[in-house]
Amino acid sequence: MDQTIIPRPPVVVAVVARHGQHCVVTTAPVKRGQVVLAIDGPTVSTPTRYTVQVGEGLHVDAEARTDGGFPIWRFLNHACEPNTRLIGRALTAVRDLPVGQEVSFDYDSTEWDMAAPFDCGCGSPKCRGIVRGFRHLSDEQRAQLIAIAPHLQTELARAGRELAGARRRSS
Ligand SMILES: [Zn+2]
């Protein structure tokens, strides 16, 4: 049984095919701070190509629906300078978006270690080139993110402790 985390926002997006790939675009003007959609669905403990991480070892799965359909958010593309960020499970606009704008978010702001890393072609001057998850970013890259999910801070602290423990054991 799915748990309702936030009320479903009004539908302001649709999935379209553009430049040979599916993407999510706005179908109504969206204001900065407005919730664009909710990342809802069953959760799994292991990331896949089609999950979004919402907690430590907690990933919402876009593939696991039994009704044959996909949630719109499955088609969200990554951008290194995105126009939305995830707050809890609410994908929230970080600037005003006109109708027809592709909606993007930064996978590195939610994913610790991605199951399917890829080369980014977002075209931003700040493009990080390869997107693999927060774990793989430099401190400088982390500082440039517009959002960092709380679970990534927890994962980072744990990874730091594990590294320190490994260093103690090897010395
Ligand atoms: Zn990029």
* Structure fact -> To the nearest 0.05, the calculated FRET efficiency linking V16 and R49 through their beta-carbon distance, R0 being 30 Å, is 0.90
* Can you list the HN-Hα couplings for the range 89-97, worked out from phi with the Karplus curve (6.51, -1.76, 1.60; θ = phi - 60°), rounded to whole Hz and with x for Gly and Pro? -> 10, 9, 7, 10, 5, 9, 8, 5, 10
* Report, in degrees rounded to the nearest 10, the 0 to 90 angle that the Cα long axis of helix 150-170 makes with the longest principal axis of the chain. => 20 degrees
* To do: Any chance you could run the full-extension gain for I130 through V94? It's 0.36 nm times the residue separation minus the Cα-Cα distance, nm to one decimal.
  => 10.7 nm
* Report the residue, chosen from H151, H19, H59, that carries the largest GNM mean-square fluctuation when the chain is represented by alpha-carbon nodes joined by springs under 10 Å. => H19
* **Inter-label distance, nm, simple model (7 Å from Cα along the C-beta direction), E63/R32** => 3.8 nm
* Asked: Using a Förster distance of 30 Å, how high is the FRET efficiency between E162 and F70, based on the Cβ-Cβ distance and rounded to 0.05?
  -> 0.25
* To do: Output the relative contact order of the range 33-171, whole-number percent, from Cα pairs under 8 angstrom with separation of 6+ residues.
  => 23 percent
* Asked: How big is the gap, in Å, between the Cα center of the range 95-171 and the Cα center of the range 16-82?
  -> 17 Å
* For the chain, with a Gaussian network of springs between Cα atoms less than 10 Å apart, report the residue from A159, A93, A115 with the top mean-square fluctuation. => A159
* Counting only residues 5 or more places away or on other chains, whose amide H sits under 5 Å from the amide H of Q101 once H atoms are built in the peptide plane? -> T26
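Read-outs throughout are calculated quantities, based only on the coordinates presented, and are distinct from any laboratory measurement. It should be emphasised that the depicted structure is a prediction, and the values quoted were computed from it without experimental measurement. We place every Cβ from the backbone using ideal geometry, glycine too, and count neighbours over all the protein chains shown.
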